[in-house]
Amino acid sequence: MSRSGHRRLLLVSTNYAPEHAGIGPYATQIAEHWADLGHDTHVLAGMPHYPSWSLEPEYKGALRRTERRAGVTVHRRAHTVPPRQTAVKRALFEGSILLHGAVAPPRMPRPDAVMAQMPSLAGGVLAARLAARWKVPFIPVVQDLMGAAAAQSGISGGDKAAAIAGRAEAYALKRATLVGVIHETFVDRVVGMGVDPEKIRLVPNWSHVPQPTRPRGQTRRHLGWAPGEPVVLHSGNMGLKQGLEVLVGAARLDPGVRFVLMGDGSQRAALADLAADVPNLDIIPPAADGEFPDILAAADVLAVTQHAAVLDMSVPSKLTSYFQAGRPVIASVAAEGGTAQEVERSGAGVLVPPEDPHALLKAVRALAEDPEGADALGAAGPRHVAAHLSREAGLARIDALIDEALGGPQP
């Protein structure tokens, strides 16, 4: 039971269950947690499409839908779903979310507060406008900085998109009662948008997956991974900012190491074409939720990659799952970015320069040659999760954010 009693809360998040990657699981766990506390919980969401960027079959043709999921009322609104990302297509995607949500807001009584997960950018703007209409606190949680993302990710037309996205982002954030950010590297940019630094709160993401349960050898046999074969696994979105070409390049350099890309995204087809002549690189679909932790744990190395230009706009949500899996992480990312800081803070991985296949492969070989050292790195991950990234701690921070926005800091 919440210390502040039962409430009616609206969460605006384009991504929501049944999506199982990216920020969708966080939005889902927040809303279901509120419902468990007895709050009347509503979510304004899009149609499930991520990370494949294609609509789930059961939602095709649906314009609007209201569902009850685990005690939560979910109000879904249709939007465009661009299978490939360009600035124009992303703008149409965001615009369709904003337009449909504005003309058909959720049918619900006045909430006590509105929280938004950003991105989507349009969801943040829409949530700010709904909160203003109802005259209730608005609390965005910044998962990615979309203006910086457009500039740093390599998307076609990114410079113009960055300027437009930055203005929309600032519009939403300056209207917030409080602003949550998932990493401290976001703070300077948020302040630069005109947000009072006294309104910014750090609300890190948490590990939203359970610990692995099956023996590693059993899972490896099921996947066809040989006992002595080093396996490097990347899980999650296959988009532009990930720069997954570095893994294809590393696979070309050593046929004795298996590289596995597990997931989906706008660049999946392009990566498949690039790796068509690389027999030791596999591209496999996203794992079912029940198998996901065991597949991560069965790999020898878990890889997180980003383009060199990606610095302060994103911290991959996959990291919390990687740490929980208990395997060493190799981060091919800019050393000064938030992703590198998280890996170093965990003690569960090593950094290599981004976009450098030779450096990445050298780190893989070093871990393969030192299994005790690799196991020690991997073991640091679950300890870091238990100490800092538990679901209970993460949800408590969200609760505290809502409590403060509604009534000031709790004693």
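The values are calculated or read from the model by the stated rules, or taken from the named source; none is laboratory data. Quick caveat: nothing in here was measured; it's all calculated off a predicted structure. Counting neighbours? That spans all protein chains shown, and the Cβs are built from the backbone with ideal geometry, glycine included.
Figures for the structure shown
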| quantity | calculated |
| --- | --- |
| Filter result (within 30 Å of T86 (Cα to Cα), part of a helix (DSSP H, G or I) and touching a helix residue (DSSP H, G or I) at 6+ places or on another chain (Cβ under 7 Å)) within region 214-260 | E245, V246, V248, G249, A250 |
| Enumerated helices (runs of 4 or more DSSP H) restricted to region 301-411, each holding at least 3 residues that are among the acidic types (D, E) and more than 17 Å from K241 (Cβ to Cβ) | 391-407 |
| All positions within region 90-119 that are part of a helix (DSSP H, G or I) and either surrounded by fewer than 19 Cβ atoms within 10 Å (Cβ to Cβ) or among the polar types (S, T, N, Q) (or both) | L92, G95, S96, L99, A102, V103 |
| Selection from region 202-213 of residues that are crowded, with 17+ Cβ neighbours inside 10 Å and out of contact with any helix residue (DSSP H, G or I) (no Cβ under 6 Å at 6 or more places or on another chain) | P204 |
| Residues being at pLDDT 95 or above and either under 28 Å from D36 (Cα atoms) or in contact with a Pro (Cβ under 6 Å, 6 or more places away or on another chain) (or both) - total across region 59-96 | 16 |
| Residue in region 369-378 that is small (G, A, S) and under 30 Å from L10 (Cβ atoms) present | no |
